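Worksheet: the structure to be examined is printed underneath.
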Amino acid sequence: MKDTLRHKGKRNRLAETVAEKGITDPKVLDAIRSVPRHLFMDSSFEDHAYQDKAFPIAAGQTISQPFTVAFQTQLLEVSPGDNILEIGTGSGYQTAVLLEMKARVYSIERQLELFKRTSLFLPKLGYRPKKLIFGDGYKGLPEEAPFDGIIVTAGAPEVPRPLLAQLKVGGRLVIPVGGATQTMTMFTRKSAMEFEKKEFGEFRFVPLLEDKN
Ligand code: SAH
């Protein structure tokens, strides 16, 4: 588990790449420069870790493309101390980016293998989420609600109602909605009953799977 100057140099270039693609929030770019993405991937992919690409991780899942992580994080407008819920912990890379932005992070993963692995791994790098949960993100996390922001990192065929219900007034849900490709969608809670919806182009995530039992 080594992080060297060479890796840091590659991260600086990766931050420049995502900036060229339209990411402007300096705190998001700082987080991309800080999180050692190569340590979140299988060592055989290490040479690819700082390309702006998604890669396979365990259990048939992927670590999201850095631009996508930066894009969703920028939409969330995270302030230090914000309560953020992530659905789809996966490798923990997005979790680490949120922690670099000083959020209090809760994250849910439905694959046991990934949940176990990432739960052990993040603290080794000094990343301490408030809670990592093994379970179905469709239901959200009512006991810790309401949240300033909720980020879904898998493609949702439909918007899970409980996630909207668990937003603070002023809070945001950032979620890719669709089938094979998804439209990045942001819901801002305007009042108890009103939500504003904005759409931000097409993305491609692994599917959000609902536990029917
Ligand atoms: N944020 C991750 C992206 C991982 S890919 C990263 O930065 O690496 C999406 C993840 O969502 C997968 O690990 C998948 O197992 C998980 N997932 C899919 N459906 C889910 C659900 N209903 N609840 C929680 N996690 C889910």
Test set (1) exposed (fewer than 14 other Cβ atoms within 10 Å of the Cβ); (2) part of a loop (DSSP other than H, G, I, E, B); (3) of a type outside the set (Phe, Trp, Tyr) - Pro123 fails condition number: (2)
Checking the conditions here, which among Ile32, Ile84 is under 30 Å from Pro160 (Cβ atoms), in a helix (DSSP H, G or I) and either β-branched (Val, Ile, Thr) or touching a strand residue (DSSP E or B) at 6+ places or on another chain (Cβ under 9 Å) (or both)? Ile32
Where the second residue is among the small types (Gly, Ala, Ser) and the first is surrounded by fewer than 24 Cβ atoms within 10 Å (Cβ to Cβ) and lies in the range 89-108, which pairs have Cβ atoms under 6 Å and are six or more apart or on separate chains? Glu100/Ala31; Glu100/Ser34; Met101/Ala31; Ile108/Gly135; Ile108/Gly137
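With the condition kept exactly as written, say whether any residue in the range 58-69 is within 7 Å of the ligand (Cβ to nearest atom), at pLDDT 95 or above and at negative phi. Before you say what the answer is, go through the steps one by one.
So the first thing to find is which residues in the range 58-69 are within 7 Å of the ligand (Cβ to nearest atom), and the list is 59, 61-64, 69.
Filter once more, keeping what is at pLDDT 95 or above: 69.
Going one step further and asking which of them are at negative phi, we end up with 69.
The answer is yes, given that some residue of the range 58-69 is within 7 Å of the ligand (Cβ to nearest atom), at pLDDT 95 or above and at negative phi.
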For Lys197, all conditions in the list (1) more than 15 Å from the ligand (Cβ to nearest atom); (2) in contact with a helix residue (DSSP H, G or I) (Cβ under 7 Å, 6 or more places away or on another chain) hold save one; what is the number of the exception? (2)
Identify the residue in the range 140-172 that is in contact with a Ser or Thr (Cβ under 8 Å, 6 or more places away or on another chain) and more than 14 Å from Leu208 (Cα to Cα) and, among all such residues, is surrounded by the most Cβ atoms within 10 Å (Cβ to Cβ). Arg172
Which residues, counting only those in the range 24-57, are buried (at least 21 other Cβ atoms within 10 Å of the Cβ) and closer than 14 Å to Glu100 by Cβ? Val28, Ala31, Ile32, Val35, Arg37, Phe40
Which condition number in (1) at pLDDT 95 or above; (2) not in a loop (DSSP other than H, G, I, E, B); (3) not charged (D, E, K, R) is the one that Ser44 fails? (1)
Among the listed residues Phe115, Phe205, which satisfies the condition of being of a type in the set (Phe, Trp, Tyr), within 22 Å of Thr68 (Cα to Cα), within 12 Å of the ligand (Cβ to nearest atom) and in contact with a Pro (Cβ under 6 Å, 6 or more places away or on another chain)? Phe205
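Do you know which residues across the range 88-111 are near the ligand (Cβ under 10 Å from one of its atoms) and not in a loop (DSSP other than H, G, I, E, B)?
First pass over the range 88-111, keeping only residues near the ligand (Cβ under 10 Å from one of its atoms): 88-98, 107-111.
Answer for the range 88-111, where residues must be near the ligand (Cβ under 10 Å from one of its atoms) and not in a loop (DSSP other than H, G, I, E, B): Tyr93, Gln94, Thr95, Ala96, Val97, Leu98, Ser107, Ile108, Glu109.
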Are any residues in the range 151-197 under 22 Å from Ala54 (Cα atoms), outside any strand (DSSP E or B) and among the small types (Gly, Ala, Ser), and if so, which ones? Ala154, Gly179, Ala180
Inter-residue pairs, beta-carbon under 9 Å, first over 17 Å from Pro36 (Cα atoms) and in the range 114-125, second modelled with pLDDT of 95 or more and among the hydrophobic types (A, V, I, L, M, F, W, C), 6+ apart: Phe115/Ile108; Phe115/Leu132; Phe115/Ile133; Phe115/Phe134; Lys116/Phe134
Check the range 113-120 and report whether any residue there is surrounded by 20 or more Cβ atoms within 10 Å (Cβ to Cβ), aliphatic (A, V, I, L, M) and either part of a loop (DSSP other than H, G, I, E, B) or touching a helix residue (DSSP H, G or I) at 6+ places or on another chain (Cβ under 8 Å) (or both). no
Just the residues that are part of a helix (DSSP H, G or I), within 15 Å of the ligand (Cβ to nearest atom), out of contact with any strand residue (DSSP E or B) (no Cβ under 7 Å at 6 or more places or on another chain) and of a type outside the set (Ser, Thr, Tyr), please, taken from the range 132-148. Lys139, Pro142
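The values are calculated or read from the model by the stated rules, or taken from the named source; none is laboratory data. Everything quoted here is computed from the prediction, not taken from an experiment. With ideal geometry, Cβ positions are generated from the backbone for all residues, glycine too; neighbour counts draw on all protein chains shown.
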